[in-house]
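Worksheet: one structure, shown below.
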Amino acid sequence: MLRIIVCIKQVPETQEVRLDPVTHTLKREGVKAMINPFDLYALEEGLRVKEARGGKVTVLSMGPPQAEEALREALGFGADAAVLLSDRAFAGADTWATSLTLARAIEKLGGADLIFCGKQAIDGDTAQVGPEIAEHLNIPYVAWARKLTFNADDLLKVERLLDHGYDAVEVELPALITVVKEINEPRLPSFKAKLRAKKEPIPVWGLGDLGLPPEEVGLAGSFTQVVKVFPPPARGTSETWTGPPAELAARLWQRLQSLGPSVVFRK
Amino acid sequence: MDYLLTEEQQMLKDLARQIAEERIKPIRAQLDEEETFPWDIMAALAQADLCGTIIPEEYGGLGLGCLENCLVLEALAEGCVGVATTYAASFLGAYPLLLFGSEEQKQRYLPPLAKGEALSAFALTEPQAGSDAGAIQATAVKDGDFYVLNGTKQWITNAGEARFNTVIALTDRSKGARGASAFLVERSDPGVSFGKKEKKMGIRASVTREVILEDCRIPKDRLIGKEGLGFIVTMRTLDLARPGAGALAVGLAQSALDEAASFAKERHQFGVSIFSFQAVQHLLADMATKLEAARALVYAVARFIDSKPKDFSKEGAMAKLFPTDMAMAVTVDAVQVMGGHGYMREYPVEKMMRDAKILQIFEGTNQIMRNIIGLALNKEYSKKK
């Protein structure tokens with residue numbers, strides 16, 4: 001009976017990312033959200049291990065209250081239970097404070113034999129939280145897993161994806177694994193699981209539940225801080241024209257000529 | 001338009017649509033071109049719990065009704081009618097069991113269907129018995145504890161892939177249609193074989209074969225209901241299935257309208273998008289209006305059926321007739337809006353137009369639908385006098 005925990009993050013849908021011009025942070029209000037794509041592979045692997053070897057899959061997420069939607073979605077894929085870590089005190093956390101909070105929650109859940117994370121989140125792209133959780137829990141981790149094989153009940157062979165090929169390592173449980181997309185093909189949600197997910201109570205744990213001092217979480221517990229977020233400077237102005245090719249060509253020629261001597265044409 | 005679906009119904013439709021988007025659309029052209037049976041998609045539908053929508057919960061299904069079935073069919077048909085037909089035809093094979101099967105038969109045959117481990121098929125049509133279903137010649141002769149079946153069933157969707165077929169055969173030739181009975185014939189039964197895979201104009205992801213019965217000896221407990229019920233089993237099955245055919249048409253037409261309208265926005269002629277021409281807008285407006293009327297009819301009839309009326313042959317026929325004629329017209333116009341592009345296999349609407357045609361033919365031609373409606377009207381207006 002393996003205790004499997006999958007950590008997921010709710011991220012903005014990629015095409016809709018906008019920055020707040022004042023605070024330089026991601027605008028999340030009114031932006032459609034989804035489960036970080038890599039985390040779906042982590043969840044799938046957790047579910048597959050459970051189906052093959054028995055166990056319970058709990059999904060865990062830290063985020064604002066609306067992250068509950070992501071957890072319900074995860075339950076719709078077949079996870080057994082979910083816990084949300086949400087508290088104003090957690091806001092502004094960097095990867096250190098985030099991973100510490102998640103690690104304490106995993107301890108509160110009674111620990112885990114296997115913890116799965118996606119290799120990174122597509123919004124922050126740090127790839128740090130998974131490995132840091134393992135450090136806080138003082139357990140081994142293997143990042144970028146593309147294949148898992150059990151060599152014994154508590155011994156896992158992991159193929160790690162590298163730039164050129166892969167290497168294979170063995171790791172004893174309990175361990176944390178971060179996965180790449182090559183590891184599996186995530187399943188579809190199932191209707192019965194979605195129905196269950198609608199009604200499943202999802203506990204929300206805050207600072208008090210985790211027994212962490214306020215100075216170790218959120219912005220206060222962060223070693224790093226985002227000072228500035230900026231899009232790369234635009235390279236001049238651009239216009240998009242549509243129309244029949246001949247017309248567009250003529251228009252383009254006129255425009256280039258009007259730009260004057262700085263544009264030089266040679267045969 | 002908001003049809004006031006429940007949260008559960010909307011969730012079901014969204015899930016089916018997700019499968020259409022993620023698993024069906026990316027490969028539908030390939031399935032059509034190569035005429036491949038969509039086993040992978042059936043597996044995905046099974047995993048999503050969608051194989052048992054209309055099967056009661058005690059047999060592993062979801063225990064939902066006609067409307068829910070239509071919502072799933074509509075969403076899947078937005079992806080591919082060939083795939084959706086494969087899925088729908090399995091329910092066609094299951095309705096006789098649901099309606100008239102014994103407890104033992106249900107226990108044995110329904111759970112594998114609900115889990116998506118097996119498909120079923122409905123075998124009625126014969127070379128000489130299409131619209132004239134009463135002209136079937138297949139026979140079932142009782143021999144002690146067995147029945148021995150002989151005959152050939154033609155154009156049977158899912159035949160050869162399905163684990164069992166519901167076969168209609170004559171147990172008493174002298175009684176004609178009243179001498180027909182329904183049997184469960186397993187693929188592996190002795191004396192069962194299948195003809196070659198037919199080459200079709202459309203719905204080419206679905207498979208159509210002959211079911212050939214040569215001294216096929218099956219235990220007598222494979223009889224569904226009792227002897228002589230075959231024709232009633234058939235009529236009741238088709239009555240229930242017809243709004244489903246209408247739902248396929250609605251999904252198909254929606255997809256064709258989406259393709260044509262988005263294309264019209266992008267395509268420029270005479271210096272402007274062709275969407276801005278009234279000639280194109282009027283085509284699209286008619287397509288959208290007919291489509292919405294068909295959807296409203298399908299949902300209304302499905303809800304009516306779910307209220308368990310005694311007789312709904314007329315309404316079932318209407319829910320097949322109007323939407324399928326609509327889908328034919330809408331897909332033809334979708335090709336017209338897209339012009340030469342629409343005619344090319346690079347775009348999906350020519351396939352949609354080919355797929356649409358079968359909807360006017362199978363599960364009772366639309367001419368037979370008008371007969372059914374006409375017959376019902378005749379009865380209604382005779383009573384009123």
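Within the stretch B:24-58, which residues are under 30 Å from B:ASP306 (Cα atoms) and surrounded by fewer than 23 Cβ atoms within 10 Å (Cβ to Cβ)?
If the condition is that a residue be under 30 Å from B:ASP306 (Cα atoms) and surrounded by fewer than 23 Cβ atoms within 10 Å (Cβ to Cβ), then B:MET42, B:ALA43, B:ALA44, B:ALA46, B:GLN47, B:ILE54, B:PRO56, B:GLU57, B:GLU58 are the ones that fit.
Go through the stretch B:352-365 residue by residue and tally those that are polar (S, T, N, Q) and surrounded by 18 or more Cβ atoms within 10 Å (Cβ to Cβ).
1
Report the residue count in the stretch B:182-219 for those that are loosely packed, with under 13 Cβ neighbours inside 10 Å and outside any strand (DSSP E or B).
Final tally of qualifying residues: 5.
Select from the stretch B:45-57 the residues that are within 13 Å of chain A (Cβ to nearest Cβ) and out of contact with any helix residue (DSSP H, G or I) (no Cβ under 7 Å at 6 or more places or on another chain) and list them in ascending order.
B:GLN47, B:GLU57 - these are the residues of the stretch B:45-57 that are within 13 Å of chain A (Cβ to nearest Cβ) and out of contact with any helix residue (DSSP H, G or I) (no Cβ under 7 Å at 6 or more places or on another chain).
Which pairs do you get when a residue that is in contact (Cβ under 8 Å) with a residue 12 or more places away in the chain and acidic (Asp, Glu), found in the stretch B:220-231, comes within reach of a residue that is surrounded by fewer than 21 Cβ atoms within 10 Å (Cβ to Cβ) and not in a loop (DSSP other than H, G, I, E, B), reach meaning Cβ atoms under 9 angstrom, with the pair 6+ apart or on two chains?
Pairs found: B:ASP221/B:GLU104; B:ASP221/B:GLN105; B:GLU227/B:LYS142; B:GLU227/B:GLY179.
Within 14 Å of another protein chain (Cβ to nearest Cβ), in contact with a helix residue (DSSP H, G or I) (Cβ under 8 Å, 6 or more places away or on another chain), of a type outside the set (Asp, Glu) and without any contact (Cβ under 8 Å) to a residue 24 or more places away in the chain: does that describe B:MET42?
So B:MET42 does not fit the description; no.
Out of all the residues in the stretch A:238-248, which are small (Gly, Ala, Ser) and more than 14 Å from chain B (Cβ to nearest Cβ)?
A:SER238
Which of (1) under 22 Å from B:SER273 (Cα atoms); (2) more than 14 Å from every other protein chain (Cβ to nearest Cβ); (3) in contact with a helix residue (DSSP H, G or I) (Cβ under 9 Å, 6 or more places away or on another chain) does A:LEU252 not meet, given it meets every other one?
(3)
Pick from the stretch A:174-198 the residues that are closer than 12 Å to A:GLU73 by Cα, surrounded by fewer than 19 Cβ atoms within 10 Å (Cβ to Cβ) and not hydrophobic (A, V, I, L, M, F, W, C): which of them is nearest to the chain's Cα centre (by Cα)?
Ranking the qualifying residues of the stretch A:174-198, first place goes to A:LYS198.
Could you go through the stretch B:101-111 and let me know if any residue there is in a helix (DSSP H, G or I), closer than 21 Å to B:VAL349 by Cβ, out of contact with any Lys or Arg (no Cβ under 8 Å at 6 or more places or on another chain) and away from chain A (no Cβ under 14 Å). Walk me through how you get there before you give the answer.
Taking the stretch B:101-111 as the starting set, the residues that turn out to be in a helix (DSSP H, G or I) are B:103-111.
Okay, now just the ones that are also closer than 21 Å to B:VAL349 by Cβ, so none.
For the stretch B:101-111, residues in a helix (DSSP H, G or I), closer than 21 Å to B:VAL349 by Cβ, out of contact with any Lys or Arg (no Cβ under 8 Å at 6 or more places or on another chain) and away from chain A (no Cβ under 14 Å): absent.
Could you check B:ASP32 against (1) within 14 Å of chain A (Cβ to nearest Cβ); (2) in contact with a helix residue (DSSP H, G or I) (Cβ under 6 Å, 6 or more places away or on another chain) and say which number it fails?
Unmet for B:ASP32, out of (1) within 14 Å of chain A (Cβ to nearest Cβ); (2) in contact with a helix residue (DSSP H, G or I) (Cβ under 6 Å, 6 or more places away or on another chain): (1).
Take the residues of the stretch A:238-264 that are among the polar types (S, T, N, Q) and in a loop (DSSP other than H, G, I, E, B): which is farthest from A:THR101 (Cα to Cα)?
Here the answer is A:THR242.
Would you call B:ALA16 over 29 Å from B:ARG108 (Cα atoms), touching a residue at least 60 places away in the same chain (Cβ under 8 Å), within 14 Å of chain A (Cβ to nearest Cβ) and part of a helix (DSSP H, G or I)?
So B:ALA16 does not fit the description; no.
For the stretch B:353-363, name all the residues that are touching a helix residue (DSSP H, G or I) at 6+ places or on another chain (Cβ under 6 Å) and not in a helix (DSSP H, G or I).
B:GLN360, B:GLU363
Name the residue that is nearest to the other protein chains (Cβ to nearest Cβ), counting only residues in the stretch A:173-219 that are among the β-branched types (Val, Ile, Thr) and part of a loop (DSSP other than H, G, I, E, B). Spell out how you get there, then give the answer.
Of all residues in the stretch A:173-219, those among the β-branched types (Val, Ile, Thr) come to A:177-180, A:183, A:202, A:204, A:217.
From the residues that got through so far, the ones that are part of a loop (DSSP other than H, G, I, E, B) too are A:180, A:202, A:217.
Details: A:VAL180: 20, A:ILE202: 18, A:VAL217: 35 Å.
Taking the candidates together, the pick is A:ILE202.
So, B:ASP239, is that one in contact (Cβ under 8 Å) with a residue 24 or more places away in the chain, surrounded by fewer than 16 Cβ atoms within 10 Å (Cβ to Cβ) and under 30 Å from B:PHE91 (Cβ atoms) or not?
no
Please state which one of B:ALA89, B:ALA129, B:ALA169, B:ALA140 is closer than 24 Å to A:SER190 by Cβ and either in contact with a Lys or Arg (Cβ under 6 Å, 6 or more places away or on another chain) or not basic (Lys, Arg) (or both).
Just one listed residue meets the conditions, B:ALA89.
Check whether at least one residue in the stretch A:227-237 is within 14 Å of chain B (Cβ to nearest Cβ), surrounded by fewer than 13 Cβ atoms within 10 Å (Cβ to Cβ) and either in contact with a strand residue (DSSP E or B) (Cβ under 9 Å, 6 or more places away or on another chain) or part of a helix (DSSP H, G or I) (or both), and report yes or no.
no
Can you pull out the residues in the stretch B:19-72 that are closer than 27 Å to B:GLU198 by Cα and assigned to a loop (DSSP other than H, G, I, E, B)?
Scanning the stretch B:19-72 gives B:GLU35, B:THR36, B:PHE37, B:PRO38.
Within the group A:VAL171, A:VAL129, A:VAL158, A:VAL142, which residue is within 19 Å of the chain's Cα centre (by Cα), surrounded by 14 or more Cβ atoms within 10 Å (Cβ to Cβ) and at pLDDT 95 or above?
Residue meeting the stated conditions: A:VAL142.
On the given criteria, is A:LEU47 aliphatic (A, V, I, L, M) and out of contact with any helix residue (DSSP H, G or I) (no Cβ under 9 Å at 6 or more places or on another chain)?
yes
Scan the stretch B:112-137 for residues that are of a type outside the set (Val, Ile, Thr) and in a loop (DSSP other than H, G, I, E, B) and jot them down.
Selection gives B:GLY116, B:GLU117, B:ALA118, B:LEU119, B:LEU124, B:PRO127, B:GLN128, B:GLY130, B:SER131, B:ASP132, B:GLN137.
The values are calculated or read from the model by the stated rules, or taken from the named source; none is laboratory data. Quick caveat: nothing in here was measured; it's all calculated off a predicted structure. Every residue, glycine among them, receives a Cβ derived from its backbone with ideal geometry; neighbour counts consider all protein chains shown.
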